[in-house]
1. Only one of 140, 133, 153, 170 is under 30 Å from residue 181 (Cα atoms), in contact with a helix residue (DSSP H, G or I) (Cβ under 6 Å, 6 or more places away or on another chain) and either assigned by TED's automatic domain parsing to the domain that holds residue 96 or surrounded by fewer than 17 Cβ atoms within 10 Å (Cβ to Cβ) (or both); which?
2. Quick one: which of 244, 179, 251 is in the same structural domain as residue 68 (by TED's automatic domain parsing) and either modelled with pLDDT of 85 or more or touching a helix residue (DSSP H, G or I) at 6+ places or on another chain (Cβ under 8 Å) (or both)?
3. For segment 212-250, enumerate the residues that are within 20 Å of residue 114 (Cβ to Cβ) and part of a helix (DSSP H, G or I).
4. Could you check, for segment 24-40, whether at least one of its residues is surrounded by fewer than 10 Cβ atoms within 10 Å (Cβ to Cβ), over 19 Å from the mean Cα position of the chain (by Cα), more than 26 Å from residue 234 (Cα to Cα) and without any contact (Cβ under 8 Å) to a residue 24 or more places away in the chain?
5. Being within 22 Å of the chain's Cα centre (by Cα), surrounded by 14 or more Cβ atoms within 10 Å (Cβ to Cβ), assigned to a helix (DSSP H, G or I) and modelled with pLDDT under 90 narrows it down to one of 159, 71, so name that one.
6. Of the residues that make up segment 201-208, is at least one modelled with pLDDT of 85 or more, surrounded by fewer than 17 Cβ atoms within 10 Å (Cβ to Cβ) and closer than 15 Å to residue 58 by Cα?
């Protein structure tokens, strides 16, 4: 039975939680309203038309493939960077930390412009002339990779920060080398962080537009990804087609996020049950 003091304390907290709910709920309702507005605007015939368009089908394939490749590359570099930033203290660490954030704080168009200048106005243009990168599929992957890696690093660094170094120290005292402790102790503990980083990177890569537009261009059947398709449809006045393409991106992103988080939640519950048993 609850005491009068606990009841009065709960009542005193009600205005605080009400304010939080109103402020946070307003943003959630805004997102729901935006998606609902697009759904209400679209027609079934618009989806039939875009899926019958070979350009859109190409954009879907390229989007899925490029987002997957850029996510794998992002994890390949973000795991060591995040681990070093979490576990090591070295001269210039704050500068490196700031450099990693540059793709996050820069306008997307500027990121694309930097990549374009790097490959067309520096000695790298000789490489680009021989093995084309700019305005070709590799530019799409590189533009996505340059942005999503920064988000993956931030997610994984927070994950490594939450893992106690004591577990590694115990493994080292038992005869493990640092690399063995990393592979057999740290990475298994960081699996949910890796899953979150991969999910965030993939979803972000799928919707990346500015760097791709500047560095890879908007060429049909060559560098067209879904955000570029929405832009091209809108540029010719086909608002219905642009809305349909954007809803496809929303649906794909939502399915990926819900599926991955459901699997992660299931693994987490299984782990808790195993510990209780």
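The values are calculated or read from the model by the stated rules, or taken from the named source; none is laboratory data. Quick caveat, the model's predicted, so the values are computed rather than measured. Heads up, the Cβs are rebuilt from the backbone with ideal geometry, glycines too, and the neighbour counts pull from every protein chain shown.
1. None of the other options fit; the residue is 153.
2. Numbers: 179 fails: either modelled with pLDDT of 85 or more or touching a helix residue (DSSP H, G or I) at 6+ places or on another chain (Cβ under 8 Å) (or both); 251 fails: either modelled with pLDDT of 85 or more or touching a helix residue (DSSP H, G or I) at 6+ places or on another chain (Cβ under 8 Å) (or both).
Checking each option against the conditions leaves just 244.
3. Those that are within 20 Å of residue 114 (Cβ to Cβ) and part of a helix (DSSP H, G or I): 212, 213, 214, 215, 216, 227, 228.
4. Yes.
5. Numbers: 71 fails: modelled with pLDDT under 90.
Within the list 159, 71, the selection yields 159.
6. No.
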